[in-house]
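The values are calculated or read from the model by the stated rules, or taken from the named source; none is laboratory data. Keep in mind the model is a prediction, meaning the values are calculated, not measured. For neighbour counting, all protein chains shown are included, and Cβ atoms are generated from backbone atoms with ideal geometry for every residue, glycine included.
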Amino acid sequence: MVDLFAPVSLGALTLPNRFVRSATWEGMAEADGSPSAALIELMAALARGGVGLVITGHAFVAAEGRLGVRQLGAHDDHVVPRLACLAEAVQESGAKVALQITHGGLWSGDAPGAELPLGPSPRSTSAGLVGRAMSVSEVKVVPGLFARAARRALRSGFDAVQIHGAHGYLLSSFMSPFFNKRSDDYGGDLERRHRLAVEVIQAVREAVGPNYPVLIKINAADFLAGGLTEEEALEGAVLLERAGVDAIELSGGTALSGDYRPLRTGVALGAETEAYYETTALKLKQRVRVPVMLVGGIRTLQSAERLVEVGAADLISLSRPLICEPELVGRWQRGDPRPAVCKSCNRCFLRGFPGEPVRCVNRKALADRDSLDARQEGAGGAE
């Protein structure tokens, strides 16, 4: 049986175990995008809780790509000192740390004086998503934005950088025929739709050098009529690997994907039902040589072990369970294999998006369970 708690290599980086805190919106940055003391403490707590690699919530690479208030930023040199404090706090607490960088694309609009958000093509939906098409000159600026943000991650002492290429944000929307209706070099067939992401990876690689780990998060599919399919996602992943990434994290969906959006509700505990994208991950592992990180629906240690054993993933990424239980991985390692308390209700994000920090509103369930355990132990212990 695979030991999920043994050290593992990720490119030139050695992680203390196979568990990853997948990038998760926190809503805890300062107004200027720099990490607050509370955000730094949260990242350190995740490291103390046993996670091997902590990936920050997405940091915007430019003001026009900002997704919301109190979002972390990597857009300007002034954030570097506080980012360095965050990286150091995680590392001193026993984990490695990566900065996720993003441009919100059609979901942006928090920049002061911002006009319509930018995307590959004009877009207006019943959900209120509106945006204008980027000119070629605007598209060509994007790789430099990501490269400078990655360089700031390196300067700040982060162990790696992750490019956000999923969930319908800018790079993801260029990959998707649902959003991308262009007929120039950045639209049309699969290779041209992936051109911007490839150019971003190449620019980031040039900025950070050959040995610094560069990761990317992508969709297994968009789950939209006319969107990126599984087969296109797999073909595109090969292009991204060739461009120079060291690992691929597999997620899926967009905010428009209904029941198949990234943050699905409900829990389906069971060895064969938990991981949303397991089937795609198995296929991806046959196409690429770099490590695959799998996120989505994983709630038990048994499923995490099985996913690595059957070859669906090299690393196990967790998001919402760690909002509820930052110490979950440590609990599993100490011999308590009970499932994550997280019920995937998504109520944690009802606070975060209006501008308040994300937190688990069902934390009481964890406290009640621990209180019951203590009472049972006092009465002679529970078997």
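If you go through the stretch 306-349 and keep only what is more than 22 Å from I218 (Cβ to Cβ) and free of Cβ contacts under 8 Å to residues at least 24 places away in the same chain, you end up with R334, G335, D336, R338, R347. In this structure, G94 qualifies as under 20 Å from E327 (Cβ atoms) and not polar (S, T, N, Q). Put simply, of A271, A275 the only residue that is surrounded by fewer than 16 Cβ atoms within 10 Å (Cβ to Cβ), at pLDDT below 95 and touching a helix residue (DSSP H, G or I) at 6+ places or on another chain (Cβ under 7 Å) is A271.
Any residue that is touching a helix residue (DSSP H, G or I) at 6+ places or on another chain (Cβ under 9 Å), surrounded by 22 or more Cβ atoms within 10 Å (Cβ to Cβ), over 22 Å from Q333 (Cα atoms) and not hydrophobic (A, V, I, L, M, F, W, C) - is there at least one of those in the stretch 242-251? No; the residues of the stretch 242-251 include none that is touching a helix residue (DSSP H, G or I) at 6+ places or on another chain (Cβ under 9 Å), surrounded by 22 or more Cβ atoms within 10 Å (Cβ to Cβ), over 22 Å from Q333 (Cα atoms) and not hydrophobic (A, V, I, L, M, F, W, C). When the residues of the stretch 311-340 are filtered to those that are out of contact with any helix residue (DSSP H, G or I) (no Cβ under 9 Å at 6 or more places or on another chain) and closer than 15 Å to Y276 by Cα, the one that is modelled with the lowest pLDDT is S319. Of the residues making up the stretch 243-264, those that are in contact (Cβ under 8 Å) with a residue 12 or more places away in the chain and either touching an Asp or Glu at 6+ places or on another chain (Cβ under 8 Å) or not in a loop (DSSP other than H, G, I, E, B) (or both) are A243, A247, I248, E249, L250, S251, G252, G253, T254, S257, G258, Y260. Can you tell me which residue is farthest from A243 (Cα to Cα) among those in the stretch 194-231 that are touching a residue at least 24 places away in the same chain (Cβ under 8 Å) and of a type in the set (D, E, K, R)? My answer is D222. One residue alone among I201, I216 is buried (at least 19 other Cβ atoms within 10 Å of the Cβ) and assigned to a strand (DSSP E or B), and that residue is I216.
Set side by side, the residues G168, G188 differ, and just one is part of a loop (DSSP other than H, G, I, E, B) and free of Cβ contacts under 8 Å to residues at least 40 places away in the same chain, which is G188.
Residues in the stretch 282-305 that are of a type in the set (A, V, I, L, M), touching a residue at least 40 places away in the same chain (Cβ under 8 Å) and within 18 Å of V2 (Cα to Cα) were compared, and the one that is surrounded by the most Cβ atoms within 10 Å (Cβ to Cβ) is L294. When the stretch 131-173 is filtered for residues that are within 18 Å of G109 (Cβ to Cβ) and either crowded, with 24+ Cβ neighbours inside 10 Å or in contact with a Leu (Cβ under 6 Å, 6 or more places away or on another chain) (or both), the ones remaining, listed by number, are G131, R132, M134, V142, H164, H167, G168, Y169, L170, L171, S172, S173. Do you know which of the residues in the stretch 111-131 that are out of contact with any Lys or Arg (no Cβ under 7 Å at 6 or more places or on another chain) and under 22 Å from V69 (Cα atoms) is modelled with the highest pLDDT? Of everything passing the filter in the stretch 111-131, G119 is modelled with the highest pLDDT.
Taken together, G119, G94 contain a single residue that is over 17 Å from the mean Cα position of the chain (by Cα), of a type in the set (G, A, S) and surrounded by 24 or more Cβ atoms within 10 Å (Cβ to Cβ), which is G119. Residue selection: V308 fails the criterion of being modelled with pLDDT under 90 and either touching a Leu at 6+ places or on another chain (Cβ under 7 Å) or buried (at least 19 other Cβ atoms within 10 Å of the Cβ) (or both). All of R151, R132 fail the test of being part of a strand (DSSP E or B) and free of Cβ contacts under 8 Å to residues at least 60 places away in the same chain, apart from R132.
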